[in-house]
């Protein structure tokens, strides 16, 4: 039992320590923070002064029967109200601005770190949950920093100040009020931990709902083609209902917490009013003093109520901060070198490379593979599905590092150059090219943002994409929709080829770049690719052997092993696997 209690205390401390890490993001805005603190203290001081204005109003205005003194007392209270309004405006503006600014900085810092992480991180973490942290959690932090935390600090200041004024006015009545404090703290301690745990569960469930919805929307055509709309509606409704039930439990606990605090606070106030009323009747204190005392006691009670209500939000913020800090502290497994080396030429070499994916550590994706591609020459990778062709591409781009062996570019180990330098020498045309939700020019110039319009057009013409682009409603300024939904598969492929042409790389990585094209387009694009490949080191993943007949070297892979290398004609006589692949494919093509 004691171990469980200790673990909960450690967990609570860990969450609160996460909040302290927000100080790092607030430090650049220390001037704004100080100004907000000054406005907060000023407003609290003016608020406390209203109690004395109330005492003057009762004792000198109402009790004296003088209209002039009554007017003076009202002017004092109005003056204090104006000052309080000015201070509140200043505090609210500065604190809200700080909340928005810090949340934006955290969002930018998390995103900047996330985009630099290795792909295996995204294999293990759903993109929807990462997006939830970037949006929902940072919005929650903005609310806490810009509103709830300010309310808590204001309530703390006014509560402490009100207690001091209570003691100055009447020690006896103050003791009555303070006797209710332990009773007020009891529900905070009792329900606070439950609220915190349920808040974390609620945030996780909302993130899961968002991730689930994002996945379904992303694959909406597959969902509809298999008529799974009703099933997905029911599944989403179940996920949403689960999130609602957790949120309802959290709301119930928070409501009970606030209700218990208010009940305890006003129970103490009622005892104070009864005792203070008797003191006024007996002449031990004036009506103005009792009015001021009641005002301060009310401030103490409302201060405790506000703090107890905000405490649940602060615990939610602690959980959100913890989730964001986890993303901030993630480090890429691809380590950058301390001293970078520049590649000398465009030769590619794989030397006894062995690799297993992190999700399948016991299964070799590549097993002691050695390949050599001289500068300006072409290498084609062939083999059945799962042979390791795509893995070679992953390692060449250094999305992963091999567990054994080494890969060299221009005689330099890839680990001895930065990923930026390496990838600036590469251009990739994947089988399923990525299109961004922007216009045609943006998508073509993605690898070379500074390219002129003429350069973009020249690249499109080289990729045989210019004609269909000119037929679009706004030509090169036409938006392609989400993931290029307004283009056909072949058109997307030609945009991707134009992107590679514009990048003008030393090394081309082609994942069967013409696979999505019709026969006529394939012939034109193949000619463009042959011109683009001229003088460049090229590695091609070949699914159709007819596209790589002229490759300088063909490497045959099977189950992660290199089983044969040579030209098309030599492999037909030496490699049974290549013979089988060629027999199947060329027979099918002859029939077609």
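Regarding residue 426, is this residue out of contact with any helix residue (DSSP H, G or I) (no Cβ under 6 Å at 6 or more places or on another chain), under 23 Å from residue 512 (Cα atoms) and surrounded by 15 or more Cβ atoms within 10 Å (Cβ to Cβ)?
yes
Taking the range 473-492 as the search range and keeping residues that are more than 31 Å from the chain's Cα centre (by Cα) and in a helix (DSSP H, G or I), which one is surrounded by the most Cβ atoms within 10 Å (Cβ to Cβ)?
491
Could you say which residue among 571, 549 is loosely packed, with under 15 Cβ neighbours inside 10 Å, farther than 23 Å from residue 422 by Cα and touching a helix residue (DSSP H, G or I) at 6+ places or on another chain (Cβ under 8 Å)?
549
Need the failing condition index for residue 377 against (1) under 24 Å from residue 119 (Cβ atoms); (2) crowded, with 16+ Cβ neighbours inside 10 Å, just the number.
Every condition holds for residue 377 apart from (1).
From 260, 279, 305, 255, which residue is farther than 30 Å from residue 124 by Cα, part of a helix (DSSP H, G or I), at pLDDT below 70 and more than 22 Å from the chain's Cα centre (by Cα)?
When all the criteria are applied, what remains is 305.
For the range 501-517, give me each residue that is farther than 13 Å from residue 463 by Cα, modelled with pLDDT under 65 and touching a helix residue (DSSP H, G or I) at 6+ places or on another chain (Cβ under 7 Å).
Of everything in the range 501-517, just one residue is farther than 13 Å from residue 463 by Cα, modelled with pLDDT under 65 and touching a helix residue (DSSP H, G or I) at 6+ places or on another chain (Cβ under 7 Å), namely 516.
Looking at this structure, is residue 549 at pLDDT 85 or above and assigned by TED's automatic domain parsing to the domain that holds residue 502?
no
Residues that are touching a helix residue (DSSP H, G or I) at 6+ places or on another chain (Cβ under 6 Å): list the helices (runs of 4 or more DSSP H) wholly contained in the range 86-165 that include at least 1 such residues.
127-132, 138-143
For every residue, the table says whether it meets (1) at pLDDT below 90; (2) assigned to a helix (DSSP H, G or I); (3) within 28 Å of the chain's Cα centre (by Cα); (4) not assigned by TED's automatic domain parsing to the domain that holds residue 488.
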{"site": "376", "(1), (2), (3), (4)": "yes, no, no, no"}
{"site": "385", "(1), (2), (3), (4)": "yes, no, no, no"}
{"site": "400", "(1), (2), (3), (4)": "yes, no, yes, no"}
{"site": "408", "(1), (2), (3), (4)": "no, no, no, no"}
{"site": "421", "(1), (2), (3), (4)": "yes, yes, yes, no"}
{"site": "432", "(1), (2), (3), (4)": "yes, no, yes, no"}
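Out of (1) modelled with pLDDT under 80; (2) out of contact with any helix residue (DSSP H, G or I) (no Cβ under 7 Å at 6 or more places or on another chain); (3) outside the structural domain of residue 157 (by TED's automatic domain parsing); (4) farther than 25 Å from residue 420 by Cα, the odd one out for residue 359 is which?
Only one criterion in (1) modelled with pLDDT under 80; (2) out of contact with any helix residue (DSSP H, G or I) (no Cβ under 7 Å at 6 or more places or on another chain); (3) outside the structural domain of residue 157 (by TED's automatic domain parsing); (4) farther than 25 Å from residue 420 by Cα is unmet by residue 359, namely (2).
Of the numbered conditions (1) under 26 Å from residue 395 (Cα atoms); (2) modelled with pLDDT under 85; (3) part of a helix (DSSP H, G or I), residue 535 fails exactly one; give the number of that condition.
Result: residue 535 fails condition (3) only.
In the list 506, 467, which residue meets the criterion of being loosely packed, with under 13 Cβ neighbours inside 10 Å, over 32 Å from the mean Cα position of the chain (by Cα) and farther than 13 Å from residue 434 by Cβ?
467
In the range 308-332, how many residues are touching a helix residue (DSSP H, G or I) at 6+ places or on another chain (Cβ under 7 Å), closer than 26 Å to residue 120 by Cα and either without any contact (Cβ under 8 Å) to a residue 60 or more places away in the chain or in a loop (DSSP other than H, G, I, E, B) (or both)?
1
Against the definition (at pLDDT 70 or above, under 25 Å from residue 299 (Cα atoms) and out of contact with any helix residue (DSSP H, G or I) (no Cβ under 6 Å at 6 or more places or on another chain)), how does residue 37 come out, yes or no?
Here the answer is yes, as residue 37 does meet what is asked.
What's the number of the condition residue 497 fails, among (1) assigned to a helix (DSSP H, G or I); (2) out of contact with any strand residue (DSSP E or B) (no Cβ under 9 Å at 6 or more places or on another chain)?
Every listed condition holds for residue 497 apart from (2).
Out of the residues in the range 333-347 meeting the condition of being within 19 Å of residue 509 (Cβ to Cβ) and out of contact with any helix residue (DSSP H, G or I) (no Cβ under 7 Å at 6 or more places or on another chain), tell me which one is surrounded by the fewest Cβ atoms within 10 Å (Cβ to Cβ).
345
The values are calculated or read from the model by the stated rules, or taken from the named source; none is laboratory data. From a predicted model like this one, the values you see are computed outputs, not experimental measurements. Neighbour counts run over all protein chains shown; Cβ positions are idealised from the backbone, glycine included.
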